Amino acid sequence: MVIPTIFNLTNVEANGVISQNQKLSESAVQLKGDLRKLWIDHTIWTRNYIVSALADLEDKDKVLVRLLKNQEDIGNAIKPFYGHDAGDKLTALLKDHILIAGKIVDAAKKGDQASANKHNKEWYQNADDIAKFLSNANPNWKEQDLKDLLYMHLALVTDDVVARIKKDWDADIIAFDKGEDHIIILADALSEGIMKQFPDKF
């Protein structure tokens with residue numbers, strides 16, 4: 001996996017275009033790095049939960065606790081910009097994202113297609129809710145753009161679950177790698193939106 005370096009990226013101008021003449025400030029580099037780590041952790045611990053849940057491993061509940069803690073960490077990361085209530089709201093939406101995913105994994109493991117379809121609709125509705133919430137908080141986060149990013153995330157997680165159920169280990173690895181690459185794009189979209197909305201902080 002190739003991760004674009006953050007140290008030679010440049011400041012976001014008022015029109016949202018990256019200037020090639022000015023390096024990112026230390027605070028901007030910190031924000032981009034922090035959000036990338038949080039969202040990469042999101043994919044790593046989601047995968048770990050999928051592995052443990054499908055194999056019914058003893059660490060399943062512990063992994064879920066750690067995964068849910070990651071959603072709290074992501075919510076906390078936006079509090080300096082959007083306040084305590086907004087951070088808690090994002091945490092709640094992201095925890096729902098995880099808990100619904102867990103229901104889908106459980107239904108898929110049992111071969112219960114009806115339940116899987118039901119929870120999948122809930123999962124995409126939750127993605128819509130996240131996109132709407134974020135776009136209302138920051139006009140630079142376009143709702144449709146966020147939906148597209150979140151839908152791709154859901155599709156790649158689904159690919160990972162299906163591959164593991166089929167024991168198609170090559171497809172499983174490919175799905176995870178693609179998911180990790182994609183989540184960096186999502187994280188960068190969020191950090192760049194914050195920098196554009198709050199230029200005085202960067």
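Things to note:
- Options E58, E72; residue that is modelled with pLDDT of 95 or more, farther than 18 Å from H182 by Cα and either touching a strand residue (DSSP E or B) at 6+ places or on another chain (Cβ under 8 Å) or not in a helix (DSSP H, G or I) (or both): E58
- The residues of the stretch 46-59 that are surrounded by fewer than 20 Cβ atoms within 10 Å (Cβ to Cβ) and of a type outside the set (D, E), listed by number, are N48, V51, S52, L54, A55, L57.
- Odd one out for W141, checked against (1) farther than 26 Å from Q30 by Cβ; (2) surrounded by 20 or more Cβ atoms within 10 Å (Cβ to Cβ): (1)
- Residue satisfying all of: in the stretch 74-131; among the acidic types (D, E) and over 27 Å from V162 (Cα atoms); surrounded by the most Cβ atoms within 10 Å (Cβ to Cβ) among these: D88
- Yes/no for R36 being more than 25 Å from F202 (Cβ to Cβ), basic (K, R), part of a helix (DSSP H, G or I) and at pLDDT 95 or above: no
- Close contacts from the stretch 69-95, counting a first residue that is more than 17 Å from I40 (Cβ to Cβ) and a second that is surrounded by fewer than 19 Cβ atoms within 10 Å (Cβ to Cβ) and acidic (D, E), with Cβ to Cβ under 7 Å and a gap of 6+ residues or different chains, come to T91/E72; L93/D129.
- The one condition from (1) among the charged types (D, E, K, R); (2) exposed (fewer than 13 other Cβ atoms within 10 Å of the Cβ); (3) at pLDDT 95 or above that E26 does not meet is (3).
- Residue check, K147 of a type in the set (K, R) and surrounded by 17 or more Cβ atoms within 10 Å (Cβ to Cβ): yes
- N136 in contact with a Gly (Cβ under 8 Å, 6 or more places away or on another chain) and closer than 30 Å to S25 by Cβ: no
The values are calculated or read from the model by the stated rules, or taken from the named source; none is laboratory data. Bear in mind the structure is a predicted one, so any value in this text is a computation, not a measurement. Glycine gets a Cβ as well: all are built from the backbone with ideal geometry, and neighbour counts include every protein chain shown.
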